[in-house]
Amino acid sequence: MTVRDHNLHLVNTLGRLKERFVPLVPGHVGIYVCGPTVYSDAHLGHAKSYVSFDAIIRYFRHLGYKVKYVQNITDVGHLLDNADEGEDKIERRAKLERVHPLEIAEAYARSYFKDMEGLGVAYADLHPRATQHIPEQIEIIEQLIAKGNAYAAGGNIYFSVGSWKEYGCLSGRDTDDAVEGTRVTVRGDKRDPRDFALWKHADPSHIQWWRSPWGKGYPGWHIECSAMSMKYLGEEFDIHGGGLENQFPHHECEIAQSRAATGKGFARYWLHNNMINRDGVKMSKSLGNGILIKDLLKEVPGTTVRAFLLGTHYRSAANFTDEGVKAAHAGLERLHFVLGAMRDRMKSAPSGAQPGDAAVGDAVVTLDRDFHAAMDDDFNTPIAMSSLYEFAKRMNAALAGAPVSKEACGAALDTYVALAGGVLGLLPVEGDSEDGRKGDLEPVMQVVLDVRRLLRERKLFDLTDVLRDRLASVGIDVKDTKDGPVWQRRG
RNA sequence: GGCGGCAUAGCCAAGUGGUAAGGCCGUGGAUUGCAAAUCCACUACCCCCGGUUCGAUUCCGGGUGCCGCCUCCA
């Protein structure tokens, strides 16, 4: 498989510049994206992040790259951000429900994957778990100690930020100033307030702990991603992605400890997706305005959620509003309509050159060019989607005009499906729900529509309209097209 | 308190130093027995105040608002 010609540029947080993408190994892309900490159900913030990266991964594959996508599952280690006692989120939940922490992690990991399936997000090639990579984490810590970048204090191991001059290269933070400006005193065992834990001593109340050269304990938050990304992608790899909120300190710490341990460059391109708000305000548990993915999917199809999310650039903050979702849904129906129109036409289109082929060919060429230009420009999905709408408009017009050949229509269909469906995941999957739910009613509807046709021929329109209204009242929409009536079940 | 980002039509949202994509909604038209769908047309002086420039929505400074991170901790 060869890689298609492209001019992909992406904004690298490391350096804050738009750079041309050049893979470490030609034809291959290694990418690591920070996965969820599985202690509760996934919400819209997760959806924004993982749908964005899903489109990015799909685009790389579309270009012909062999992609190795690694996304971790964090099942240990994060501490509650606003708790005084620094309690592990998963352990806290486990204690509440009186089960083992891994049961919590397992349950929510499943829930997460189910949500992602609902959103049409493809699985990563590997979903490694933090608790299954403790030895790898310990090994890195040992390397850091040996190189003088980490030290033991009070049973804990800390990374010495002062020993690593590049610290701050990602977030662009002048850490010295930051420290100066605060009244922070060096607390606990740290030599420097900027230092962060690589390994924590486990006190008896801790449920999950592991043996280490430094006694019973558990890993710090940042070290897991260094261990898992480098294990599966190498000490230097192409792309590291994640949410903007993890840029500092999480990713900053990852870079420092990884580079210090290996002497290699770690990730070459850093991609950060922006957040999602609701009605202009952030979503949070305390405000009670958060939305769980599984709840939203009860209201609207996954493709609608994708259309809404991809309608905003991944680096821009999205604003979730009910109206916005409705708009995304309505627009998506047009994208689905033209798909159906092309598929229908394939059944009847003649072979051999036809007068309408030029218009179709034009629409395809324009779509192909504009879509790729948009995605090549830092994965600009909103622009890519606009090229889809432009295509739909042209294609609908073409199909209503001069005859179109099967070949031309087929080429248009293939391109459209590859881009709208394959890359952005906005098209219903073939053999999806719709046909299945229609199946059992098909013979009955044939009878009903046949009778209605006879009534129409006799111009008994009051009766045909009653029939249509009554069908609508039981959730069946009938539309009269010039090729005859079509029907579908709503909802 | 500190650092960084954003602010575009009723809603969602791209983008550019030279008078602003696309989607939804709305209006008018074509088509239709009607409706739906489809197609065509129309709808924004880009948060406020200064500055740079021949010219700024796009650059700089200030203000306001919102978002993220840090400030307790990993």
| request: Could you figure out which of (1) free of Cβ contacts under 8 Å to residues at least 12 places away in the same chain; (2) among the aliphatic types (A, V, I, L, M); (3) within 13 Å of RNA strand B (Cβ to nearest atom) isn't true of A:Leu426? | output: (1)
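If you check A:Ala83, A:Ala109, A:Ala55, which single one turns out to be closer than 28 Å to A:Asp203 by Cβ, at pLDDT 90 or above and either outside the structural domain of A:Arg369 (by TED's automatic domain parsing) or more than 16 Å from RNA strand B (Cβ to nearest atom) (or both)? Don't jump to the end; show me each part of the working.
On the way: A:Ala83 fails: at pLDDT 90 or above; A:Ala55 fails: closer than 28 Å to A:Asp203 by Cβ.
Exactly one of A:Ala83, A:Ala109, A:Ala55 is closer than 28 Å to A:Asp203 by Cβ, at pLDDT 90 or above and either outside the structural domain of A:Arg369 (by TED's automatic domain parsing) or more than 16 Å from RNA strand B (Cβ to nearest atom) (or both), namely A:Ala109.
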| remark: The lone condition A:Glu333 fails out of (1) within 30 Å of A:Asn246 (Cβ to Cβ); (2) modelled with pLDDT under 95; (3) within 12 Å of RNA strand B (Cβ to nearest atom) is (1)
| message | So, in region A:24-40, how many residues would count as being crowded, with 20+ Cβ neighbours inside 10 Å and part of a loop (DSSP other than H, G, I, E, B)? | response | 5
| query | Has region A:385-394 got any residue that is near RNA strand B (Cβ under 9 Å from one of its atoms), under 18 Å from A:Gly425 (Cα atoms), not hydroxyl-bearing (Ser, Thr, Tyr) and not in a helix (DSSP H, G or I)? | reply | no
| In region A:446-477, what residues are modelled with pLDDT of 90 or more, hydrophobic (A, V, I, L, M, F, W, C) and touching a strand residue (DSSP E or B) at 6+ places or on another chain (Cβ under 7 Å)? | A:Leu449, A:Leu471
| Within region A:366-379, can one find any residue that is surrounded by fewer than 16 Cβ atoms within 10 Å (Cβ to Cβ) and away from RNA strand B (no atom under 16 Å from the Cβ)? | no
| remark: Inside region A:336-365, the number of residues satisfying the requirement of being buried (at least 17 other Cβ atoms within 10 Å of the Cβ), touching a residue at least 60 places away in the same chain (Cβ under 8 Å) and more than 16 Å from RNA strand B (Cβ to nearest atom) is 1
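Just one of A:Ala256, A:Ala341, A:Ala317 is under 30 Å from A:Glu139 (Cα atoms) and of a type in the set (Gly, Ala, Ser); which is it? Steps first, please.
Details: A:Ala341 fails: under 30 Å from A:Glu139 (Cα atoms); A:Ala317 fails: under 30 Å from A:Glu139 (Cα atoms).
When all the criteria are applied, what remains is A:Ala256.
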| strands (runs of 3 or more DSSP E) (entirely within region A:206-303) containing at least 2 residues that are within 16 Å of A:Ser171 (Cβ to Cβ) and small (Gly, Ala, Ser) | A:236-243
| task | Identify the residue in region A:439-470 that is over 20 Å from A:Arg490 (Cα atoms) and part of a loop (DSSP other than H, G, I, E, B) and, among all such residues, is nearest to RNA strand B (Cβ to nearest atom). | result | A:Lys459
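The values are calculated or read from the model by the stated rules, or taken from the named source; none is laboratory data. Source: prediction; values computed, not measured. Note that each Cβ is placed from the backbone with ideal geometry, even for glycine, and that neighbours are counted across all protein chains shown.
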